[in-house]
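Worksheet: one structure, shown below.
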Amino acid sequence: MKINSHTKSVLCLFVAYCFISFGLSNQSLAQQTKTFLVKTDQSIAKIEPKMWGVFFEDINFGADGGIYAELIKNRSFEFAKPLMGWSIYRNRQKEGEVLVINRKEVNDANPRYLQVKRQTDDFELINEGFKGIGIKKGIRYDFSMLYRMPTLGIKMILQLKTADNKIIGQTVLTPSQTNGATWQKQAANIIATETDPKAKFSIIFQGKGDIDLDMISLFPSDTWKNRPQGLRADMVQMLADMKPGFIRFPGGCIVEGTDLANRYQWKNTIGPIENRKMIMNRWNVEFAHRPAPDYYQTFGLGFLEYFQLAEDLGSEALPILNCGMACQYNTGEVAVLDELDPYVQDALDLIEFANGDINTKWGKKRADLGHPKPFNLKMLGIGNENWGPQYLERLAIFTKAIKAKYPEIKLINSSGTGPDGDRFDLLNTSLRNSKADFIDEHYYKPADWFLKNAGRYDNYPRNDSKVFVGEYAVHADSKVIGSNRNNWQSALAAAALMTGLERNADVVQMASYAPLFAHVDAWQWAPDMIWVDNLNVYGTPDYYVQKLFSTNKGTDVVSITADEKNVIGQDGLYASAVTDKTTNELIIKIANTANQTQTINLNLDGKKKLKSKASLDELENNNLSETNSLERPTTIAPKTTTITLKGKRLSLVLKPYSFNVIRIPFNS
């Protein structure tokens, strides 16, 4: 399309307007030096070690097809279409050669299996994986299956194949004869000879005879901590690098379900994986413009694995449980109050599962599953994003029962779906009146809202219910889709707001960005902090902002002011400061949301002496629409330099559209 001079003028005016609306374009900003006073000796709030965490939900193929490293889709034939993900190839067709058998009366958790009556040549069963199977050269892939084969006669050739059917890994498995109706497990492994992000898995059957197959599985051997049937190591490493204070799981709207039958039930997610009852993932049907008919929850990543992950990362576990209410945007179905006991009992049993000794029912269950040591659970969420008087009624029942038996457990309560309005006001007022431990606030808003609300908590009650900002993200223009929503403007605006969360750490004691993971070929919702394909992972600008806060959280908030006022948007600047008593450092965070370079003089007032050398981590880009990608994963990523102090003064030149973290060591 050709652009004439008039159109160019209009576009230029529009771009200028966009810059002005986000930051400031006044040329005088570059000419004036601002002075920030930091009082390094005066702690104004303690920072919880768990302050900055992560929120995990199985959305955007975050678990199955994502962090849960299983490569076979529909491994137990339990999808609504039992052979979804599978293809059968043969030269000659014979009726009844392959049957899907349903044994629901015998096994309600895993009713279906595949019966193969091998009577023809060139019979092949192929699985497409989750948008293909990511195969890496030189890696061992571990195959397993449950099977019954009363007579010998079947040989299975296991193959890894490229999309154009080139074999890049192969082994032969000859199943042993089984005893009648008894299911056995057999395993094999394949070494990949090439890398392919879109491979497939094939079983070629040779010989004649009958065999029943279930739980056909394929895992890479290089899982997190090399655990069999474990988690995808590169995705977990991204979390480990953040050093999160907590992990909230399993959601999110997953907790609620489209109806109560579809809700998350933690007891169905522990024990042998073949006994974990699969259900449809609620995001399967949620977005008509992003259909996901192959999105299910196998619960291979279940509550034991969630607790184990939190333990691995040195994070506190924050499970969220259903409160007897399905998603109010879907069915709004509720359990009647006099039938709420099973839901409450699930909460009580979960605490015992996490913390009970091995002489308790659920503590013994945990020990039997391989973890005799308690997980030391300290907090629990009741309901996700529920609202209205019906939520308050059910919450009161849960709270009474849990506090009576476990008064030390802190409870997270929902404030609804947004940070303001009648829905929020009702819940926030009621919860504060009832002295709730934590009130969970969620906000998905434009960048401008984040900038305007960086002082939101400055006037909140200090000795009242604490705030958990459980879900938040800047939402760019709705015309921007997918990973492009995670642009620099969004991340920078989040950084500005987070300085306000940190400044008010005595009120906001926990915060987590949402959502966490998304697959580039299978997402339903954006923006997401971390994006993956079948072989690769990258952090968005939002990821690096979150990581900088989490790895620089400190132990005590100290005052940073300009003209005796908190730095909340004056000249487009936002700032917070903390000291870290464990590392003996002063850490200052400054977001420059203006489109001009700004010079800052930091006056560091305190008795402690400071070392002359400090470090500066800088995130910056002149283009607010810039993003990271699989091809350019670190376009916006921290760059570290050394800076020099003059006594207790430091002069900084802040680049336009930048987020800066300064670490200044104290002299010991």
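Computed from the coordinates by the stated procedures, all read-outs in this text should not be read as laboratory data. Bear in mind the structure is a predicted one, so any value in this text is a computation, not a measurement. Using ideal geometry, Cβ is built from the backbone for each residue, glycine included, and neighbour counts are taken over all protein chains shown.
Report for the chain the percent antiparallel among DSSP-assigned beta bridges with both residues inside it, nearest 5.
Bridges in the chain are about 70 percent antiparallel.
Treating region 56-198 as a set of equal point scatterers at the Cα positions, no solvent, please give the Debye-formula log₁₀ I(q)/I(0) at q = 0.18, 0.20 Å⁻¹.
-1.32, -1.55
Enter the angle in degrees (range 0 to 90, nearest 10) between the Cα long axis of helix 488-503 and the first principal axis of the Cα atoms of the chain, meaning the one along which they spread out most.
Tilt relative to the chain: about 70 degrees.
At a Cα cut-off below 17 Å, give the lysines reachable from LYS117, other chains included and same-chain residues fewer than 8 away excluded.
Once the sequence-local lysines are set aside, what remains near LYS117 is LYS94, LYS155, LYS208.
Using the charge dipole of the chain (Lys, Arg: +1 at Cβ; Asp, Glu: -1 at Cβ; taken about the Cα centre), state which of THR599, PHE549, VAL172 has its Cα farthest towards the positive end.
The residue sitting most towards the positive pole is THR599.
Give the separation of the Cα centroids, region 274-297 to region 484-563, in Å.
27 Å
Report the gain in length on full extension from ILE44 to ASP341: 0.36 nm times residue separation, minus Cα-Cα distance, nm rounded to one decimal.
102.6 nm
Going by how many other Cβ atoms sit within 10 Å of their own, how do THR298, THR582, THR223 line up, fewest first?
By the 10 Å Cβ count, ascending: THR582, THR223, THR298.
When every alpha-carbon pair in region 466-528 is counted, what percent end up more than 12 Å apart?
Of the Cα pairs, 69 percent sit more than 12 Å apart.
Need one number: % antiparallel among DSSP beta bridges in region 467-610, to the nearest 5.
75 percent
Which percent of Cα-Cα pairs in region 135-287 sits in each 5 Å bin, short to long?
Reading the bins upward from 0: 2, 8, 12, 14, 15, 16, 15, 11, 6, 2, 1, 0.
Projecting each Cα onto the charge dipole of the chain (Lys/Arg +1, Asp/Glu -1 at the beta carbon, about the Cα centre), which of TYR329, THR195, TRP283 comes out farthest on the positive side?
So the residue we want is THR195.
Quick one: grab the alpha carbon gyration tensor of region 347-387, order the square roots of its eigenvalues as a ≥ b ≥ c, and give me rounded if a/c is under 1.5, else prolate or oblate depending on whether a/b is larger than b/c. Don't skip to the answer; put the middle values down first.
On the way: a/c = 2.94, a/b = 2.57, b/c = 1.14.
Prolate, since a/c reaches 1.5 and a/b exceeds b/c.
Treating only the Cβ of Lys, Arg, Asp and Glu as charged (+1, +1, -1, -1), what charge dipole size does region 86-220 show about its Cα centre? Round to the nearest 20 debye.
Values: 20 positive and 15 negative charges, 35 e Å.
I would put it at about 160 debye.
Would you mind classifying the chain by shape? Square roots of the alpha carbon gyration tensor eigenvalues, ordered a ≥ b ≥ c; an a/c under 1.5 is rounded, otherwise it is prolate if a/b is larger than b/c and oblate if not. Spell out each step's value before the answer.
Values: a/c = 2.09, a/b = 1.60, b/c = 1.30.
Prolate, since a/c reaches 1.5 and a/b exceeds b/c.
If you stretched the chain out fully between GLU311 and LYS646, how much longer would it get, using 0.36 nm times the residue separation minus the C-alpha to C-alpha distance?
So the extension gain works out to 116.3 nm.
Mind computing the radius of gyration and Dmax over the alpha-carbon atoms of region 316-400? Å is fine for both.
14.6, 42
Would you report the distance distribution of C-alpha pairs in region 503-593 as whole percents per 10 angstrom bin, up to the bin with the largest distance?
Bins of 10 Å from zero give 14, 36, 29, 17, 4, 0 percent of pairs.
Let's see if you can work this out: charge +1 on each Lys and Arg Cβ, -1 on each Asp and Glu Cβ, no other charges. What is the dipole magnitude of the chain about its Cα centre, in debye to the nearest 20?
Result for the chain is approximately 1540 debye, rounded to the nearest 20.
Hey, with R₀ at 41 Å, roughly what FRET efficiency would LYS639 and ASN165 work out to, going by the Cβ-Cβ distance, to 0.05?
Efficiency for this residue pair is about 0.35.
Relative to the present Cα-Cα distance, how much length would full extension add between LYS613 and ASN459 at 0.36 nm per residue of separation?
51.8 nm
Can you give the translational diffusion coefficient of region 223-293 in µm²/s, computed by Stokes-Einstein from the Kirkwood radius over Cα pairs at 20 °C and 1.002 mPa s?
145 µm²/s
What number results when the radius of gyration of region 497-656, computed over Cα atoms, is divided by 2.2 N^0.38 Å?
Relative to the rule-of-thumb radius for its length, region 497-656 sits at 1.14.
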